[in-house]
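The values are calculated or read from the model by the stated rules, or taken from the named source; none is laboratory data. Values in this document were obtained by computation on a predicted structure and should not be read as measured data. No Cβ is skipped: glycine too gets one built from the backbone with ideal geometry, and neighbour counts run over all protein chains shown.
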Amino acid sequence: MGALLSVVALPAGAGAYEVASVADGGSLSGVVRFAAPPPRLPQMPAARGVEACDEARQAEALVLGPGGGVRGGVVLVEGVARGKKPGGEAVLDAQRCVFVAHVTATTAGARMLVKNGDAVLHHPRGLAGRTTVFDLALPHRHDTIDVGRRLTRPGVVRVLCGAHPHMSAWLVVHDSPYVAVTDERGAYTIDGIPPGRYRVTLWHEGYRARGADREGRPRWEEPRTVTRAVTIAPHGSARLDFELR
Ligand SMILES: [Cu+2]
């Protein structure tokens, strides 16, 4: 949390992000790969006596696709003060007692819906470090709350469920819309970037377990970050790959 906040913090004196047209924007794309034998992930604790929720599940801290592509990495282009409009609202759903998606990227102040897709009580809690950002009881299927107004600052929010200790997700809140989550192949694309030279950071939640807490949730290492520099030419297509190990 602290690490990413310092990485993505706006420079002193910079104002809030401003929407402006980007006539000559370029794109950045690449793949995040796991370049070592993957660690064994622990099982997540099962919730007791709740239908559809009571099976033990594999942790989602590291999900690899073909060729070692890492799903759920977040790529952030830093320091873009003016540029494209943030996209539509992001949605974090609870489906069959799993948060979908496990990792979501959003822009500070944008709509961010937290939903219950199940006919059981879910109780999503968002934590930025030790600060509770939201704490929602969603007792019914289709209950939906917009938490966008609570996500006004860049940073990383860990989402847990007060009813089901195996459920967890991450929201990465960026200071601009120039952010993407890698897909099942580990690939990402960010477009409409104003030409210039940027620092680009990969964030990943971390995947080495360090014991478990009282409810049986694995304790994980700190999130990983890797920062590189890239130049975006007018109408250009830049490529930037990352490796984790
Ligand atoms: Cu739940």
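Just one of the listed residues (Arg158, Arg125) is under 26 Å from Pro223 (Cβ atoms), in contact with a strand residue (DSSP E or B) (Cβ under 9 Å, 6 or more places away or on another chain) and more than 12 Å from the ligand (Cβ to nearest atom), and it is Arg158.
Considering the range 128-155, and only residues there that are touching a residue at least 60 places away in the same chain (Cβ under 8 Å) and crowded, with 17+ Cβ neighbours inside 10 Å, the residue that is farthest from the ligand (Cβ to nearest atom) turns out to be Pro154. Which of the residues spanning the range 92-122 are within 11 Å of the ligand (Cβ to nearest atom) and touching a residue at least 60 places away in the same chain (Cβ under 8 Å)? The answer is Ala94, Cys97, Val98, Phe99, Asp118, Val120.
The single residue among Ser176, Ser237, Ser168 that is within 16 Å of the chain's Cα centre (by Cα) and more than 30 Å from Ala46 (Cα to Cα) turns out to be Ser176. Regarding Leu113, is this residue at pLDDT 95 or above, under 13 Å from the mean Cα position of the chain (by Cα) and not in a loop (DSSP other than H, G, I, E, B)? Taking the combined requirement at face value, the residue does not satisfy it. Considering Gly25, Gly79, Gly72, the condition of being small (Gly, Ala, Ser), touching a Gly at 6+ places or on another chain (Cβ under 8 Å) and surrounded by 14 or more Cβ atoms within 10 Å (Cβ to Cβ) is satisfied by Gly25 alone. Taken over the range 218-242, the criterion of being of a type in the set (A, V, I, L, M) and surrounded by 14 or more Cβ atoms within 10 Å (Cβ to Cβ) is satisfied by Val226, Val230, Ile232, Ala238, Leu240. With the requirement that a residue be closer than 22 Å to Glu243 by Cα and out of contact with any Pro (no Cβ under 9 Å at 6 or more places or on another chain), what does the range 166-177 give you? The one that is closer than 22 Å to Glu243 by Cα and out of contact with any Pro (no Cβ under 9 Å at 6 or more places or on another chain): Leu171. Gly67 satisfies every condition listed in (1) crowded, with 16+ Cβ neighbours inside 10 Å; (2) at pLDDT 70 or above; (3) more than 16 Å from the ligand (Cβ to nearest atom); (4) not acidic (Asp, Glu) except (1). A residue that is under 21 Å from Leu240 (Cα atoms), more than 13 Å from the chain's Cα centre (by Cα), modelled with pLDDT of 95 or more and not aromatic (Phe, Trp, Tyr) occurs somewhere in the range 84-107. In the range 134-156, of all residues being farther than 13 Å from Val114 by Cα and outside any loop (DSSP other than H, G, I, E, B), the one that is nearest to the chain's Cα centre (by Cα) corresponds to Val156. Residue count for the range 192-220 satisfying the condition of being part of a strand (DSSP E or B) and more than 24 Å from Leu113 (Cβ to Cβ): 16.
Checked against (1) without any contact (Cβ under 8 Å) to a residue 40 or more places away in the chain; (2) in contact with a His (Cβ under 9 Å, 6 or more places away or on another chain); (3) more than 16 Å from the ligand (Cβ to nearest atom), Ala229 passes all but a single condition, namely (2).
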